[in-house]
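> Once you've had a glance at the structure underneath, I'll fire off some questions.
Please treat every number below as a calculation from the coordinates, not as lab data. Remember, predicted model here, so these are calculated numbers, not experimental data. FYI the Cβ positions are ideal-geometry reconstructions off the backbone, even for glycines, and counts take in every protein chain you see.
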Amino acid sequence: MREIKRYLKIYKLFIKNCLMAQMEYRINFITGVIVESGYLLAKALYAIVVYSTGVSIGGLSSDAILLFIGTYTMMTGIYMGLFYVNFQKIPEYVRDGSLDLYITKPISTQFMVTMRYFDFGMPIPSIIGGLTMIVIGWRRLNIGITPLHIIGFIGFMLTGILLTYSIFLLPQILSFWTVKTSGVNDISNALWDFNNMPKGIYSKRVQQFGTFVIPIFLISNCSPLVILDKLSIGESVWAISATILFFILSRFLFYKAMRNYSSASS
Amino acid sequence: MCTRVNRRDDSTNTVVRINLSRCIKEEEIGLALIHVEGLSKQFEYYKKELGLRNSIKNLYHRERLIKDAVCNINFDIEEGEFVGFLGPNGAGKTTTLKMLSGILYPTAGKAEVMGYVPWERKKEFKKQFSIVMGQKNQLWWDLPAHDSFYLNKCIYELEDKAYQETLDELVDLLDVKDLLGVQVRRLSLGERMKMELIAALIHRPKVILLDEPTIGLDIISQKKIREFLKIYNKEKKATILLTSHYMNDIEDLCRRVVIINQGKLAYDGDLSHVNDLFSQSKIVKLNFEEVVAEKALTKFGTMKSYEGLSVTLEMDKQNLKEKLKQILEVLPIVDFTIEDIPVEEGIAYLYQKKEGMPDEEAK
């Protein structure tokens, strides 16, 4: 418990330091927000097209689809703000040896490396936009806001965040062996975009692959399915189990990678 | 904790290993705070010949080669010692420091720092040591150094009072009070290094590994950092291992040096005795009343410089006394001095050797 408190305190400081550092560069901060707003607009247009055609996918109405797109958009914001900025730096740390000093600190190196930075500019439009879509979809579906729905929705958002961390950290860990990972990065970024739409849009094979092999569909499909009362107990259990499994896997591979770390010449 | 300790015998320049279990009084001899035994590190790499064709060839076939960065080195450092760790570029100094700080796993051998195996990366170990690398920084670039110090306070779990006291003391010693609120990116290289030192020492480490802390600094900044390290070592009894390419750093701070070349131990002993290993000469400076012909002097030794009235000769140690007697009798001497060969020359000699000496010879 004491350790958790300590880590939370340090994480709070990381966030504070990042906020202060980002405020040093106002123009960059504002530009980041504008660029992300542009992306959000593109996504919103996409949602509007789906919405206006009144298409239904796998028995999901356009309002329900909006719920999925909203969750995905919000999750994208969280991923960008919390993890992406850190994950992108890992190959750089390995290549130039800046990981050296992080290893010598009396704190988990994985925590230090993957949580040190926090981006404020990028996630703001996505989180606001995503939340708006969720609220609109939810209201139009006339589904009651029950505590169970709220807990389920937030709970699976949290497992989704942890699963995002675990799955998308894996390609970056490869850099301990390969140094550069841009090829794998492109693939993992493409995988992320698979959640743009409900998983029902894809063929059965793709759905099974994305649920059981690389469970990306568990990231942003479970929360809206809870609201729609379409998430089975089996799927819930698997979503939680997969999150734990992949988190353990990321910890294990990071540990292996640290053993393999050969640093860079000074 | 290791049971063996070392005592350095300055007269013979040897390391005597003593077993504590044989009832040797501990207070007579210091405990080895850093113990290195047969430490080796190999790196795997591959060669790429010049040109595009070879780059394409490299895509499907790479010849794997092994480099022995550090090869079976042994040394012990006692508590409170300030040891210079020298060697030419690529000798394995930084690799050794990285193994001692737990950054790298060795390929073979043992090491203990304060009784911990560094590469086990135990939290308690990390809390008691620090490494400063002149070319790497831990400070947040866009924030004043003060914010980074506070972050370290939380990471090292320091009490408010202890943190404030240490900070005040270090800030005072390094004279950077006015710079605490300035963003790191706006500081000069020297100022930044001072801040890096504070960040590295804020938790009062018992063991400090310094890898070229004065690299790129001007003479005044180098001097200030040297003075600081000297005081810190004396007052806090910290054990310090320092690598530097600046001889002034080493001569000013370290009585003992460990020299490695091509990954092997080349010398371990007093800095002043480096030349004893191989040099049988002394430098004799002579001042004359009147100009003496060069020819008349070369029979006494090798001419190092000739400026008419003042001459420098390198003379054999063995018959120095007799030859000096002759010089005094025959030549119009006004004044003369006898000096050791500069320590830099001895170190340069060890650097240039193709192979590091075997450990026994080194000791």
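> Rounding to the nearest 10 and keeping the result within 0 to 90°, find how far the Cα-based axis of helix B:160-174 lies from the longest principal axis of chain B.
So the helix axis and the longest Cα principal axis differ by about 30 degrees.
> Right, something else. Which helices, taking whole DSSP H runs in chain A, have alpha carbons extending 27 angstrom or more along the helix axis plus mean Kyte-Doolittle at least 1.0?
Long hydrophobic helices here: A:26-53, A:147-173.
> Then there's this: Could you list the residues of the range A:61-78 with an amide nitrogen less than 17 Å from a label point located 7 Å from the Cα of A:V135 in the Cα-to-C-beta direction?
Answer for the range A:61-78: A:66-75.
> Could you give the nm distance between label points at B:T107 and A:W177, where each point is 7 Å from its Cα heading toward the beta carbon?
Output for this residue pair reads 2.1 nm.
> Between helix B:219-236 and chain B, what is the angle of the helix's C-alpha long axis to the longest principal axis, kept within 0 to 90° and rounded to the nearest 10?
With both axes taken from Cα atoms, the answer is about 70 degrees.
> Please list the radius of gyration and Dmax for the range B:237-351, considering alpha-carbon atoms only, with Å as the unit.
17.8, 55
> What does the charge dipole of the range B:280-340 about its Cα centre add up to, to the nearest 20 debye, if the Cβ of each Lys and Arg holds +1 and the Cβ of each Asp and Glu holds -1?
With Lys and Arg at +1 and Asp and Glu at -1, about 260 debye.
> Averaged across the residues of A:16-27, what count of C-beta atoms belonging to other chains lies within 10 Å of each residue's C-beta?
Average neighbour count from other chains, rounded to a whole number: 3.
> Hey, another quick one. Provide the per-residue ³J(HN,Hα) series for the range A:215-225, in order, calculated from phi with Karplus coefficients 6.51, -1.76, 1.60 and θ = phi - 60°, each as a whole number of Hz, with x at glycine and proline positions.
Once rounded to whole Hz, the list reads x, 5, 5, 6, 5, 10, 9, 5, 4, x, 5.
> Still on this structure: Given A:I145, A:Q110, A:I127, which one lies farthest toward the positive end of the charge dipole of the range A:38-173, if we put +1 on the Cβ of every Lys and Arg and -1 on the Cβ of every Asp and Glu?
A:I145
> For the range B:237-341, with only Lys/Arg (+1) and Asp/Glu (-1) charged at the beta-carbon, what is the dipole magnitude about the Cα centre, in debye rounded to 20?
Computed about the Cα centre, the dipole is about 360 debye.
> Over the range B:280-340, calculate the relative contact order: mean separation of alpha carbon pairs under 8 Å at least 6 apart, over the residue count, as a percent. Don't skip to the answer; put the middle values down first.
On the way: 98 pairs, mean separation 30.5, N = 61.
That works out to 50 percent.
> Also, I was wondering about something else. Quick one: how many lysine pairs in the range B:202-303 have C-alpha atoms under 27 angstrom apart, if they're 8 or more apart or on different chains?
17
> Same structure again: Just from its helices, what would the mean residue ellipticity at 222 nm be for chain B, if runs of 4 or more DSSP H residues each count -39500 (n - 2.57) and the sum is divided by every residue, rounded to the nearest 500 deg cm²/dmol?
Mean residue ellipticity, 222 nm, calculated: -9000 deg cm²/dmol.
> If each of A:S232 and B:E294 carries a label point 7 Å out from its Cα toward its Cβ, how far apart are those two points in nm?
10.0 nm
> Then there's this: What do you get for the angle between helix B:145-155 and the principal long axis of chain B? Use alpha-carbon atoms, 0 to 90 degrees, nearest ten.
Around 70 degrees separate the two axes.
> Continuing with this model, one more query. In whole Å, what is the distance between the alpha-carbon centres of the range A:12-41 and the range B:182-206?
Value for the Cα centre distance between the two parts: 27 Å.
> Filter A:K256/B:K67; B:K110/B:K153; A:K5/B:K122; B:K47/B:K93 down to the pairs with a C-alpha to C-alpha distance above 29 Å, please.
The answer is B:K110/B:K153.
> Could I ask something else about it? Quote the FRET efficiency, to the nearest 0.05, computed for B:E79 versus A:S203 with a Förster distance R0 of 51 Å and r equal to the Cβ-Cβ distance.
For B:E79 and A:S203, the calculated efficiency is 0.15.
> Which distance in Å, rounded to a whole number, links the C-alpha centroids of the range A:85-113 and the range B:215-240?
28 Å
> What's the magnitude of the charge dipole for the protein assembly as shown around its Cα centre, counting Lys and Arg as +1 and Asp and Glu as -1 at the beta-carbon? Answer in Debye, nearest 20.
Charge dipole, the protein assembly as shown, about its Cα centre: 2680 debye, nearest 20.
> Applying a 10 Å radius around every beta-carbon, put B:143-150, B:327-334, A:239-246, B:80-87 in order of their mean neighbour count, most first. Write down the numbers at each step before the final one.
Working: B:143-150: 20.6, B:327-334: 13.1, A:239-246: 18.4, B:80-87: 23.2.
My ranking of the peptides, most packed first, is B:80-87, B:143-150, A:239-246, B:327-334.
> Let me ask something additional. Kindly provide the helix-only [θ] at 222 nm of chain A, computed as the sum of -39,500 (n - 2.57) over DSSP H runs of four or more divided by all residues, to the nearest 500 deg cm²/dmol?
Details: 14 runs with 190 residues, N = 266.
Mean residue ellipticity, 222 nm, calculated: -23000 deg cm²/dmol.
> In nm, to one decimal, how far is the modelled label at B:Q164 from the one at B:K236, with both set 7 Å along Cα→Cβ?
So the two model labels end up 2.0 nm from each other.
> When a footprinting reagent is the concern and you count Cβ atoms within 10 Å, what order do A:I187, B:I283 take, fewest first?
Details: A:I187 10, B:I283 17.
With the fewest neighbours first, A:I187, B:I283 line up as A:I187, B:I283.
> Please give the contour-minus-distance gain from B:Y45 to B:Y246: 0.36 nm per residue of separation, less the Cα-Cα distance, rounded to one decimal in nm.
69.3 nm
> A further question on this structure: Sequence-distant or interchain residues sharing an amide H contact under 5 Å with B:L86, placed H: which?
HN-HN under 5 Å from B:L86: B:V258, B:I259, B:I260.
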